[in-house]
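Let me begin by presenting the structure, written as structure tokens, before commenting on it.
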Amino acid sequence: MPNLQLLHPILTDLQAWLTDQIVWRRYDFIREPQGFADADRAYCADELIRPLKPEDDLRFVYEDEHGAVYIFAERLAWDSDFFGYQVARLNAVLPSTVLPCPPQINFTDALLALLTEVSKRGIRYLFAPVFPEDLALIHALSRTGFNLIETRLLYHMPLANYTHSERYPVRFARENDLLLLQQTAREAVNAYDRFHADPFIQPEQADRMMEEWVTASLHRGFADATLIPDIAQPAAFNTIRYNRERWDGWGYKVAQTVLTAVSPACRGWHKKLISETNYHLRSLGVDHAILPTQITNRAVLHNLEQLGYRYGRSEYIFRILL
């Protein structure tokens, strides 16, 4: 008989195995320096087995006659409180056999067991970021009722030699900028991000989410810095996460843009903010910059390529309603 059990009792036993076996990683396009890949693989393993509150821990092992499947998911407390229903994220589904996962492996029964269990726990909304290489998981998600809502791209560039032909006046956001930045976040709608692209999430909820995101960036540590134009009405911003807590483990300093919004009144400032973000990060000694966007965002992609950014990798965002 198939069996679904909490993974918690054996999590620490999986750490070395995960570190050795994980192949697909969000930052696997960073090939230098030597040792970064191993350090990042260890970080990914640590993230999968990190301590979670019991009410948030949705990590299981599914076993049947074909073997064991490890399922790594978690309830997201902040998201659940914000939307008013229980939200969870599926982080990985891995076979107990050698990785990378062969595409012919069938995860369907394991996912169905997961959906039954998390539904019993009150989860209403489950989403899953998935690498395009993970065909076995993509096939299983499609079979079990998940919908694709976003195709995300990561662009990147090393910063050691970054220069641009122009410099632009920017500064860090202050408390008295918040109302304007909230308005900018609410009104500069990206119809293809995972919140606005999901028909289940009401447009006003998605807009309020963007507004709350910039508020939390300034007040609650969602971002380490928020860069804005140094002009009279700075209706544009770029929030930045330094990832300082990872630098020592990586042996390399990687930072990323989290959220960018530009109102029509500040048209043209996206490229300017990203360029000045590069200069700011370089001044901190950051080695590499990462910027996520959607595959549909041609204007952003054009700006990034003009600044010297390169395509790094893609990921899909699937979700199911329970």
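The values are calculated or read from the model by the stated rules, or taken from the named source; none is laboratory data. Keep in mind that this is a model prediction, so the values were computed, not measured. Ideal geometry is used to build each Cβ from the backbone, glycine not excepted, and the neighbour counts take in all protein chains shown. Heavy atoms of the whole protein, side chains included, go into the accessibility calculation; ligands, DNA and RNA do not. Shrake-Rupley method; radii C 1.70, N 1.55, O 1.52, S 1.80 Å.
Among beta bridges identified by DSSP and lying wholly in the range 173-322, the antiparallel ones come to about 75 percent. Within the assembled protein chains, the solvent-accessible surface assigned to TYR311 is about 120 Å², based on a 1.4 Å probe.
Remark: the chain carries 47 Å² of accessible area per residue (probe radius 1.4 Å; ligands, DNA and RNA excluded). In terms of its C-alpha gyration tensor, the range 29-101 has an oblate overall shape, because the principal axis ratio a/c (a ≥ b ≥ c, square roots of the eigenvalues) is not below 1.5 and a/b does not outweigh b/c. The HN-Hα couplings worked out from phi for the range 149-156 by the Karplus form 6.51 cos²θ - 1.76 cosθ + 1.60 (θ = phi - 60°) are 10, 7, 10, 9, 10, 10, 9, 8 Hz, whole numbers, x standing for Gly and Pro. Can you spot the lysines whose alpha carbon is less than 23 Å from LYS53's alpha carbon? Ignore those fewer than 8 places along the same chain. Partners found: LYS120. Taking square-rooted eigenvalues a ≥ b ≥ c of the alpha carbon gyration tensor, is the range 43-191 rounded, prolate or oblate, where a/c under 1.5 means rounded and, failing that, a/b exceeding b/c means prolate? Cα axes put the range 43-191 in the prolate bin. Averaging 1/r across all pairs of distinct Cα atoms in the range 1-41 and inverting the result yields a Kirkwood radius of 12.4 Å.
In order along the range 29-40, the Karplus-derived 3J(HN,Hα) couplings, from 6.51 cos²θ - 1.76 cosθ + 1.60 at θ = phi - 60°, round to 7, 7, 9, 10, x, 4, x, 5, 4, 5, 5, 5 Hz, and Gly and Pro are given as x. In this Cβ point-charge picture (+1 for Lys and Arg, -1 for Asp and Glu), the range 162-318 has a dipole of about 420 debye about its Cα centre. Backbone amide hydrogens, once placed in the peptide plane, bring GLU150 within less than 5 Å of ILE317, excluding anything fewer than 5 places away on its chain.
Above 21 Å, the calculated P(r) of the range 108-202 contains 61 percent of its Cα-Cα pairs. Computed over the chain with a Gaussian network model linking Cα atoms closer than 10 Å, the most mobile of PRO234, PRO33, PRO95 is PRO33. Given axes a ≥ b ≥ c from the Cα gyration tensor, I'd like to know whether the chain is rounded (a/c under 1.5), prolate (a/b larger than b/c) or oblate. Prolate. Roughly how many whole Å is it from the C-alpha centroid of the range 189-204 to that of the range 29-73? Spelled out, the Cα-based centre of one part sits 29 Å from the other. Compute the distance from the alpha-carbon center of the range 231-297 to that of the range 84-157, in whole Å. Taking the Cα centre of the range 84-157 as reference, the centre of the range 231-297 is 29 Å away. For a straight C-alpha distance cut-off of 28 angstrom, the lysines reachable from LYS272 (same-chain residues fewer than eight places away being disregarded) are LYS253.
In this structure, the amide hydrogen of ARG171, modeled 1.01 Å from its nitrogen in the peptide plane, lies closer than 5 angstrom to those of ILE228, ASP230, counting only residues at least 5 positions away or on a different chain.
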